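Please read the structure below before turning to the comments.
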Amino acid sequence: MKEKSMACVLSQAELAPGIFDLWLQTGMAANAKPGQFIGVYPKNASTLLPRPISICEVNEDKTALRIVYRVAGAGTAEFSGLKEGDRVAILGTLGNGFPLEAGKGKKCFLMGGGIGVPPILQLSKELAAEKSIFLGYRDGALFLKEDFEKYGNVFVATEDGSNGTKGNVMDAIAASGLEADVIYACGPMPMLRAIKRYAQEKGIQAYISLEEHMACGVGACLGCVVKTKEVDHHSHVHNARICTDGPVFEAKEVEI
Amino acid sequence: MNTEVNLAGITLKNPVMTGSGTFGSGMEYGEFVDLNCLGAVVTKGVANVPWPGNPTPRVAEVYGGMLNAIGLQNPGIDVFMERDIPFLKQYDTKIIVNVCGKSVEDYLEVVDKLGEEPAVAMLEINVSCPNVKEGAIAFGQKADALYNITSQIKKHAKQPIIMKLSPNVTDITEMARAAEAAGADALSLINTITGMKIDIHRRKFALANKTGGMSGPAIKPIAVRMVYQTAQAVKIPIIGMGGIADAEDAIEFLLAGATAVSVGAMNFVNPYATVEVIKGIEDYMSKYNVEKLTDLIGAVRE
Ligand SMILES: Cc1cc2nc3c(=O)[nH]c(=O)nc-3n(C[C@H](O)[C@H](O)[C@H](O)COP(=O)(O)OP(=O)(O)OC[C@H]3O[C@@H](n4cnc5c(N)ncnc54)[C@H](O)[C@@H]3O)c2cc1C
Ligand SMILES: Cc1cc2nc3c(=O)[nH]c(=O)nc-3n(C[C@H](O)[C@H](O)[C@H](O)COP(=O)(O)O)c2cc1C
Ligand code: FES
């Protein structure tokens, strides 16, 4: 069941310049799945729409959600000022999440690029598989890396070469010499396109989390579509709604 | 207290409905609100065949509102009648189907098919979508074209027809009179106002379609003014919309002359908005000892 309700801020910290880590106490945590997201509402009435932010982590007793976000504009700038005890309206839980069955017991690559790193954390906690985790950053201002180390082998790529492999996550895969049966990924579009090509060449499954500007977040407005290979079951055209049919799609099903 | 209103012979239990395109066919928001509470559900525009709509980005936030250029993506009337109508039939609310097309023939095909479905209470004819290149808005911006399409649809329609007017015209009353003269049973207004947003950092249009329709609280004063002017110009009932967020906004439209109101983009901001508006209208009625909701309609004059 989706709902809009008030969450209570448990803590907020800045992990790297402009990257914030926010823990929210909310009943939505009880059923949250890795790869799902919430809509966070700014208070300012001139910025009305909920901001889609991925669930980064769910706490042990499933009473709180962690989100990690980059300040990108007015809404996220407002959120960065939230303090312990503040209340914030959220909509959730939204989207389908990563399919855990697909990779169960197999060799999996878990890949996050930039602000696509956060949703991979809860996935790496819940996925029961042989996990190699590839994290791509712009520079040496890494975030969440230590959080991942408990759950698998972590490989880092930085664009400026200041940490790990110089380049992107695809370069890090090449450098590792590893192979996988299933890939899970979230990150910028060029990275997702490269993963789609890679999965196709290797003949393996890849599940990628997509991003689009959204209004409703619940599947009603048709604002957030992605082109699909087959006619979509809901729309009856080659469009699926990222907010409800996604954000996670099997790479071969979407035209990106 | 009586909240019923009569819309061209159709009795609604209260005047609150949903803005076409902002509520799907009710399934999605059925998780948040009890659809049985609504006066009517107005569905997303449906054409004779499936339409893929526009490329993305299709939505952008603007100050106090949003722009959309969905391009009337819809699954086509056949799927709609097999899936969406049976879903809505389960609820004790009126079903109003919004119809779109690129030619008069497209509209008539949909209108004819819907004529066979008695569960559909009314048809809302969208001649005012600013986001599709051909047809649609062309019918809604010239009085003679609007007269022509309205009279042709009226000949075919088995249900009362609501013509949905565009605010992107010089004189809304001229359009309203043309629709009334052609036999429209009711009017709804306003559709979105054409707008544009530019992303100054990327130096690109925020929407792939460049322009989009603006909706949300920022357009409300324009909508209230147009509803008021139209109410002075025609005798047929008006469904008022444009930025309604709460009961106070809805009451403003009723006082300006609307018989019913639609909540549109604010569903995205507050998924409970429709039922909160209904509750708020009731509270207002008891506070001011209003027996019948109809006493509020057009109650503000010189
Ligand atoms: C499914 C999903 C999950 C996401 N998860 C995260 C996350 O975990 N961490 C994170 O930092 N960011 C995430 N994003 C991106 C995040 O939604 C935007 O950065 C944020 O909405 C920007 O809001 P703003 O008000 O600060 O920026 P503005 O530019 O002021 O926002 C204006 C409008 O554009 C929308 N918008 C702007 N950028 C984006 C974008 N990239 N994607 C979608 N809508 C956008 C906003 O929601 C708002 O409606 C995610 C996006 C999606 C679709
Ligand atoms: C995302 C979106 C989709 C819409 N789709 C339609 C549509 O299919 N047909 C139509 O007649 N109006 C459509 N509209 C217009 C609304 O029904 C309404 O007239 C307008 O948005 C003004 O009301 P609001 O400010 O309450 O949203 C759409 C509006 C939005 C925001
Ligand atoms: S944001 Fe409205 S359908 Fe996805």
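The values are calculated or read from the model by the stated rules, or taken from the named source; none is laboratory data. What you are looking at is a predicted structure, and each value in this text was computed from that prediction instead of being measured. Methodologically, a virtual Cβ is constructed for each residue, glycine included, from the backbone with ideal geometry; neighbour enumeration extends over all protein chains shown. Heavy atoms of the whole protein, side chains included, go into the accessibility calculation; ligands, DNA and RNA do not. Shrake-Rupley method; radii C 1.70, N 1.55, O 1.52, S 1.80 Å.
Exactly one of these conditions fails for B:A265: (1) surrounded by fewer than 24 Cβ atoms within 10 Å (Cβ to Cβ); (2) within 14 Å of chain A (Cβ to nearest Cβ). Give me its number.
Condition (1) is where B:A265 drops out.
Of the residues that sit in the stretch A:43-70 and are over 19 Å from B:M214 (Cβ atoms) and out of contact with any strand residue (DSSP E or B) (no Cβ under 7 Å at 6 or more places or on another chain), which one is nearest to ligand 2 (Cβ to nearest atom)?
A:K43
Inspect all residues belonging to the stretch B:246-258 and state whether any of them is under 29 Å from A:C224 (Cα atoms), of a type in the set (A, V, I, L, M) and not in a helix (DSSP H, G or I).
Scanning the stretch B:246-258 turns up no residue that is under 29 Å from A:C224 (Cα atoms), of a type in the set (A, V, I, L, M) and not in a helix (DSSP H, G or I).
If A:E78 passes every condition in (1) touching a strand residue (DSSP E or B) at 6+ places or on another chain (Cβ under 8 Å); (2) within 11 Å of ligand 1 (Cβ to nearest atom) but one, which one does it miss?
Result: A:E78 passes all but (1).
Between A:F98, A:F37, which is modelled with pLDDT of 95 or more, within 16 Å of ligand 3 (Cβ to nearest atom) and open to solvent by less than 20 Å² (accessible area, probe 1.4 Å)?
Selected residue: A:F37, the only one of A:F98, A:F37 that is modelled with pLDDT of 95 or more, within 16 Å of ligand 3 (Cβ to nearest atom) and open to solvent by less than 20 Å² (accessible area, probe 1.4 Å).
Can you name the residue in the stretch A:198-215 that is part of a loop (DSSP other than H, G, I, E, B) and away from ligand 1 (no atom under 16 Å from the Cβ) and is also farthest from the other protein chains (Cβ to nearest Cβ) among such residues?
Among them, the one singled out is A:G203.
Restricting attention to the stretch A:216-232, report how many residues are assigned to a strand (DSSP E or B) and either away from ligand 2 (no atom under 16 Å from the Cβ) or touching a Pro at 6+ places or on another chain (Cβ under 8 Å) (or both).
Number satisfying all stated conditions: 3.
Does the stretch A:199-215 contain at least one residue that is within 16 Å of ligand 2 (Cβ to nearest atom) and either touching a Ser or Thr at 6+ places or on another chain (Cβ under 8 Å) or not aliphatic (A, V, I, L, M) (or both)?
So far as the stretch A:199-215 goes, yes, one or more of its residues are within 16 Å of ligand 2 (Cβ to nearest atom) and either touching a Ser or Thr at 6+ places or on another chain (Cβ under 8 Å) or not aliphatic (A, V, I, L, M) (or both).
Given the criteria over 24 Å from B:S166 (Cβ atoms), open to solvent by 10 Å² or more (accessible area, probe 1.4 Å) and out of contact with any strand residue (DSSP E or B) (no Cβ under 6 Å at 6 or more places or on another chain), does B:E117 qualify?
Yes; evaluated as a whole, the condition is true for this residue.
Somewhere in the stretch B:180-198, is a residue out of contact with any helix residue (DSSP H, G or I) (no Cβ under 6 Å at 6 or more places or on another chain), free of Cβ contacts under 8 Å to residues at least 12 places away in the same chain and of a type in the set (A, V, I, L, M, F, W, C)?
Yes, that holds for at least one residue.
Residue pairs, Cβ under 8 Å, 6 or more apart or interchain, first in the stretch A:36-63 and on the phi > 0 side of the Ramachandran plot, second buried (at least 18 other Cβ atoms within 10 Å of the Cβ). List them.
A:K62/A:A29; A:K62/A:A32
Just wondering, is there one or more residues in the stretch B:249-261 that are within 14 Å of ligand 2 (Cβ to nearest atom) and open to solvent by 10 Å² or more (accessible area, probe 1.4 Å)?
Among the residues of the stretch B:249-261, at least one is within 14 Å of ligand 2 (Cβ to nearest atom) and open to solvent by 10 Å² or more (accessible area, probe 1.4 Å), which makes the answer yes.
Would you please name the residue that is nearest to the other protein chains (Cβ to nearest Cβ), looking only at residues in the stretch A:46-75 that are hydroxyl-bearing (S, T, Y) and within 11 Å of ligand 1 (Cβ to nearest atom)?
Across the stretch A:46-75, the extreme among qualifying residues is A:S46.
Just to be sure I understand the filter: pairs with C-beta atoms under 9 Å, separated by 6 or more residues or on different chains, first member in the stretch A:236-256 and in the same structural domain as A:Q36 (by TED's automatic domain parsing), second member polar (S, T, N, Q) and part of a loop (DSSP other than H, G, I, E, B). Which pairs pass?
So the pair list comes out empty.
Which ones in the stretch B:66-92 are facing chain A (nearest Cβ under 7 Å) and either open to solvent by less than 20 Å² (accessible area, probe 1.4 Å) or within 20 Å of B:T274 (Cβ to Cβ) (or both)?
Of everything in the stretch B:66-92, those that are facing chain A (nearest Cβ under 7 Å) and either open to solvent by less than 20 Å² (accessible area, probe 1.4 Å) or within 20 Å of B:T274 (Cβ to Cβ) (or both) turn out to be B:M66, B:N68, B:I70, B:Q73, B:G76.
Tally time: how many residues in the stretch A:17-45 are within 14 Å of chain B (Cβ to nearest Cβ) and among the hydrophobic types (A, V, I, L, M, F, W, C)?
4
If you check A:F155, A:F249, which single one turns out to be within 14 Å of ligand 3 (Cβ to nearest atom), out of contact with any Lys or Arg (no Cβ under 8 Å at 6 or more places or on another chain) and more than 30 Å from B:S215 (Cα to Cα)?
Testing whether each residue is within 14 Å of ligand 3 (Cβ to nearest atom), out of contact with any Lys or Arg (no Cβ under 8 Å at 6 or more places or on another chain) and more than 30 Å from B:S215 (Cα to Cα) leaves just A:F249.
Just checking, which of A:A172, A:A180 is in a helix (DSSP H, G or I), among the small types (G, A, S) and at pLDDT 95 or above?
The match here is A:A172.
Among B:V104, B:V42, which is the only one that is in contact with a strand residue (DSSP E or B) (Cβ under 6 Å, 6 or more places away or on another chain) and at negative phi?
B:V42
Would the stretch B:171-191 turn up any residue that is under 30 Å from A:P50 (Cα atoms) and in contact with an Asp or Glu (Cβ under 8 Å, 6 or more places away or on another chain)?
Yes, some residue in the stretch B:171-191 is under 30 Å from A:P50 (Cα atoms) and in contact with an Asp or Glu (Cβ under 8 Å, 6 or more places away or on another chain).
Before we move on, is B:S166 over 29 Å from B:E282 (Cα atoms), of a type in the set (S, T, N, Q) and open to solvent by less than 10 Å² (accessible area, probe 1.4 Å)?
yes
Only one of these is surrounded by fewer than 19 Cβ atoms within 10 Å (Cβ to Cβ) and either polar (S, T, N, Q) or assigned to a strand (DSSP E or B) (or both): A:S124, A:S132, A:S162. Name it.
Being surrounded by fewer than 19 Cβ atoms within 10 Å (Cβ to Cβ) and either polar (S, T, N, Q) or assigned to a strand (DSSP E or B) (or both) holds for just one of A:S124, A:S132, A:S162, which is A:S162.
May I ask you to verify whether A:A7 is open to solvent by less than 60 Å² (accessible area, probe 1.4 Å), more than 14 Å from chain B (Cβ to nearest Cβ) and either over 30 Å from B:M27 (Cα atoms) or within 16 Å of ligand 2 (Cβ to nearest atom) (or both)?
So A:A7 fails the test.
Take A:G75 and tell me if it is within 16 Å of ligand 3 (Cβ to nearest atom), open to solvent by less than 60 Å² (accessible area, probe 1.4 Å) and outside any strand (DSSP E or B).
Taking the combined requirement at face value, the residue satisfies it.
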